[in-house]
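Engineer: This structure is in structure tokens; I'll ask about it shortly.
The values are calculated or read from the model by the stated rules, or taken from the named source; none is laboratory data. The model shown is predicted, which means the values in this text are computed figures rather than measured ones. Because the Cβ atoms are built from the backbone with ideal geometry, glycine has one as well, and the counts that use them run over all protein chains shown.
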């Protein structure tokens, strides 16, 4: 997909950040948009392609965030743009539950093919990751006839009433917004850096909690991100997810993979659960599935998905034909262009660069992740206290690199580059981040 021998645009900071045009727009934003919607980088983006975003003042930034993992195939990906243009001139909208259309079915077929496991699967579509989680829980409750929902610590699942209750970290997503949903239980998961447990030990701890604090006869589903996103790109210990699936199957609990952030070739396999040895009962996809268009899928075992009565699932815009056409273009590239190979390429280039940063800066306590989903965690080596990464991200942004923060303690930098990013852009971005780390230590 990416020919690293061909030169690509790089970062170029030509004004102060923010520049005059962005400052004017920030003033308009303050008057017209609620303060609850922030901005990490104080600029307004005018255009973007592949891994470069350009603001209204002509500054170019290397984008290591992809709209939080959405533009995985690259900003304004040529195939996605062409598919959208063609589809929007043929059929802009038709509620699939009223008058169906073929692209919806085709994306469902792709998901049946590419999600882990060779069992029969079915899919329906909604608009966002939060909606996918909501509907996955709804289907699991209908299938099992049980009420309780379990998640694990450090997870993030959305901002709706149900999903913000499922989040491990209520603030800021649920602050002052109660009452929250009922029958949601937070179990200990697997965080090898913090708990030191192997997969079997961590699974035994999770199972004990669920058996004693919830009761398996009341538990409808267990929802887990195979690699946690907002929690800091936490990769569970080997064997943990498979052991939990075995336990869920034994007790009739639907185990759901929230692959909203980790799915669609982000980690070097089409879905992260595949490389972690897990065949979930249900897989939730969103973000990168449609190259920047709003779409999310709920894919599950056919017998689970068919347990819902006619009219019990669906929605006005879920599976919009334009978004489905974009998703078809993404899956065609997955099959033709080895996008998983691109994620592995990024890891081969980026991980050693991050390891070198960790050797230079002892406060980087761990480099972790898979593929194009990598992170570094910062801990003060003398006190053991988390080091906030927002100042590092801010300094990098002023120098032309957009990088995202994460972590329950806000002490993680996460790297979610487009699969179209070049090796040279990765090297330049890490060089900028290294300067940002050094500058924050001397500030």
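Quick grid of which residues meet (1) in contact (Cβ under 8 Å) with a residue 60 or more places away in the chain; (2) in contact with a strand residue (DSSP E or B) (Cβ under 8 Å, 6 or more places away or on another chain); (3) surrounded by fewer than 18 Cβ atoms within 10 Å (Cβ to Cβ):
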site: 195; (1), (2), (3): no, no, yes
site: 202; (1), (2), (3): no, no, no
site: 206; (1), (2), (3): no, yes, no
site: 213; (1), (2), (3): no, yes, yes
site: 233; (1), (2), (3): yes, yes, no
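Engineer: Kindly evaluate residue 147 against the criterion of being in the same structural domain as residue 123 (by TED's automatic domain parsing), under 18 Å from the mean Cα position of the chain (by Cα) and surrounded by fewer than 17 Cβ atoms within 10 Å (Cβ to Cβ).
Structural biologist: Values: in the same structural domain as residue 123 (by TED's automatic domain parsing): yes; under 18 Å from the mean Cα position of the chain (by Cα): no; surrounded by fewer than 17 Cβ atoms within 10 Å (Cβ to Cβ): yes.
For residue 147, the condition - in the same structural domain as residue 123 (by TED's automatic domain parsing), under 18 Å from the mean Cα position of the chain (by Cα) and surrounded by fewer than 17 Cβ atoms within 10 Å (Cβ to Cβ) - is not met.
Engineer: Identify, by number, the condition in (1) under 30 Å from residue 429 (Cα atoms); (2) touching a strand residue (DSSP E or B) at 6+ places or on another chain (Cβ under 8 Å) that residue 158 doesn't meet.
Structural biologist: (2)
Engineer: So, restricting to strands (runs of 3 or more DSSP E) that lie completely within region 186-286, which ones have at least 2 residues that are at pLDDT 95 or above and more than 20 Å from the chain's Cα centre (by Cα)? Before the answer, list the steps.
Structural biologist: Numbers: elements: 219-224, 254-258, 282-285.
Passing ranges, in order: 219-224.
Engineer: Where residues in region 94-105 are in a helix (DSSP H, G or I) and surrounded by fewer than 16 Cβ atoms within 10 Å (Cβ to Cβ), which of them is nearest to the chain's Cα centre (by Cα)?
Structural biologist: Ranking the qualifying residues of region 94-105, first place goes to 105.
Engineer: State yes or no: is residue 372 in contact with a strand residue (DSSP E or B) (Cβ under 8 Å, 6 or more places away or on another chain) and surrounded by fewer than 19 Cβ atoms within 10 Å (Cβ to Cβ)?
Structural biologist: No.
Engineer: For region 164-177, check the following and say yes or no: at least one residue is closer than 21 Å to residue 251 by Cα and free of Cβ contacts under 8 Å to residues at least 60 places away in the same chain. Break it down into steps so the answer makes sense when it comes.
Structural biologist: Of region 164-177, the ones closer than 21 Å to residue 251 by Cα are none.
No, region 164-177 contains no residue that is closer than 21 Å to residue 251 by Cα and free of Cβ contacts under 8 Å to residues at least 60 places away in the same chain.
Engineer: Residues 403, 349, 367: which one is surrounded by fewer than 23 Cβ atoms within 10 Å (Cβ to Cβ), at pLDDT 95 or above, under 24 Å from residue 169 (Cα atoms) and in contact with a helix residue (DSSP H, G or I) (Cβ under 6 Å, 6 or more places away or on another chain)? Write out each step before concluding.
Structural biologist: Working: 403 fails: surrounded by fewer than 23 Cβ atoms within 10 Å (Cβ to Cβ); 349 fails: under 24 Å from residue 169 (Cα atoms).
367 is the lone residue from the list that is surrounded by fewer than 23 Cβ atoms within 10 Å (Cβ to Cβ), at pLDDT 95 or above, under 24 Å from residue 169 (Cα atoms) and in contact with a helix residue (DSSP H, G or I) (Cβ under 6 Å, 6 or more places away or on another chain).
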